[in-house]
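These notes concern the structure reproduced below.
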Amino acid sequence: MSGWYDETLDDGFVARRLSRLTDYQMLNGCLDEVRATDRTELWLLCDAQSRLSERIALAEAVRRRQ
(Lines give C-alpha, C1' and ligand atoms only; values in the text may rest on other atoms or scores of the structure.)
Protein backbone atom coordinates (compact mmCIF):
# COMPACT_ATOMS: atom_id res chain seq x y z
CA MET A 1 0.00 0.00 0.00
CA SER A 2 2.02 2.87 -1.31
CA GLY A 3 1.64 6.07 0.70
CA TRP A 4 0.34 4.30 3.80
CA TYR A 5 1.81 2.89 7.01
CA ASP A 6 -0.16 -0.05 8.37
CA GLU A 7 -0.11 -1.93 11.63
CA THR A 8 -1.93 -4.79 13.25
CA LEU A 9 -4.28 -4.17 16.17
CA ASP A 10 -5.93 -6.61 18.54
CA ASP A 11 -9.23 -6.24 16.67
CA GLY A 12 -8.00 -5.72 13.09
CA PHE A 13 -5.77 -3.39 11.14
CA VAL A 14 -5.18 0.33 10.81
CA ALA A 15 -3.42 2.31 8.10
CA ARG A 16 -2.29 5.93 8.26
CA ARG A 17 -1.19 8.17 5.42
CA LEU A 18 2.49 8.95 5.14
CA SER A 19 1.82 12.38 3.64
CA ARG A 20 -0.37 15.17 4.97
CA LEU A 21 -3.73 15.94 3.36
CA THR A 22 -4.67 19.49 2.50
CA ASP A 23 -7.53 21.14 4.36
CA TYR A 24 -9.52 21.04 1.11
CA GLN A 25 -9.05 17.26 0.83
CA MET A 26 -10.11 16.72 4.43
CA LEU A 27 -13.17 18.95 4.02
CA ASN A 28 -14.21 16.88 1.01
CA GLY A 29 -14.10 13.41 2.51
CA CYS A 30 -10.49 12.25 2.51
CA LEU A 31 -9.33 10.40 5.61
CA ASP A 32 -5.83 10.24 7.06
CA GLU A 33 -6.58 6.91 8.76
CA VAL A 34 -8.64 3.83 7.89
CA ARG A 35 -9.46 0.71 9.92
CA ALA A 36 -10.39 -2.76 8.72
CA THR A 37 -10.95 -6.27 9.99
CA ASP A 38 -8.61 -7.94 7.45
CA ARG A 39 -5.78 -7.04 5.08
CA THR A 40 -7.87 -7.26 1.91
CA GLU A 41 -10.42 -4.79 3.29
CA LEU A 42 -7.58 -2.53 4.45
CA TRP A 43 -5.98 -2.57 1.00
CA LEU A 44 -9.29 -1.71 -0.66
CA LEU A 45 -9.95 1.16 1.76
CA CYS A 46 -6.45 2.58 1.26
CA ASP A 47 -6.78 2.30 -2.52
CA ALA A 48 -10.17 4.02 -2.48
CA GLN A 49 -8.90 6.81 -0.24
CA SER A 50 -5.77 7.28 -2.37
CA ARG A 51 -7.87 7.61 -5.52
CA LEU A 52 -10.28 9.98 -3.80
CA SER A 53 -7.48 12.22 -2.53
CA GLU A 54 -5.98 12.37 -6.04
CA ARG A 55 -9.31 13.46 -7.52
CA ILE A 56 -9.92 16.00 -4.76
CA ALA A 57 -6.41 17.41 -5.29
CA LEU A 58 -7.28 17.86 -8.97
CA ALA A 59 -10.50 19.66 -8.05
CA GLU A 60 -8.51 21.87 -5.68
CA ALA A 61 -6.08 22.77 -8.49
CA VAL A 62 -8.96 23.59 -10.84
CA ARG A 63 -10.55 25.74 -8.17
CA ARG A 64 -7.36 27.80 -7.78
CA ARG A 65 -7.19 28.50 -11.52
CA GLN A 66 -10.66 30.03 -11.61
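Okay, here's what the table says:
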quantity: Long-range Cα-Cα pairs in the chain (distance over 17 Å), rounded percent; calculated: 41
quantity: Gaussian network model of the chain, Cα within-10 Å springs - most flexible of 23, 47, 32; calculated: 23
quantity: Gain on full stretching of the segment that runs from residue 9 to residue 33 - 0.36 nm per residue minus C-alpha separation; calculated: 7.3 nm
quantity: Å² of accessible area per residue within the chain, as computed with a 1.4 Å probe and no ligands counted; calculated: 73
quantity: Probe 1.4 Å, all protein chains present, accessible-area order of 22, 8, largest first; calculated: 8, 22
quantity: Lys/Arg +1, Asp/Glu -1 at C-beta; the chain dipole; positive extreme among 36, 13, 61; calculated: 61
quantity: The stretch 1-45, accessible surface, carbon-and-sulfur percent (1.4 angstrom probe); calculated: 51
quantity: The chain: angle of helix 39-65 to the longest principal axis, Cα-based, in degrees nearest 10; calculated: 10
quantity: Unit charges on C-beta of K, R, D, E only; dipole of the chain, Debye; calculated: 580
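The values are calculated or read from the model by the stated rules, or taken from the named source; none is laboratory data. These numbers were taken from a predicted model, which means no experiment stands behind them. Every residue, glycine among them, receives a Cβ derived from its backbone with ideal geometry; neighbour counts consider all protein chains shown. Just so you know, the surface numbers come from the protein's heavy atoms only, side chains and all, with ligands and any DNA or RNA stripped out. Shrake-Rupley method; radii C 1.70, N 1.55, O 1.52, S 1.80 Å.
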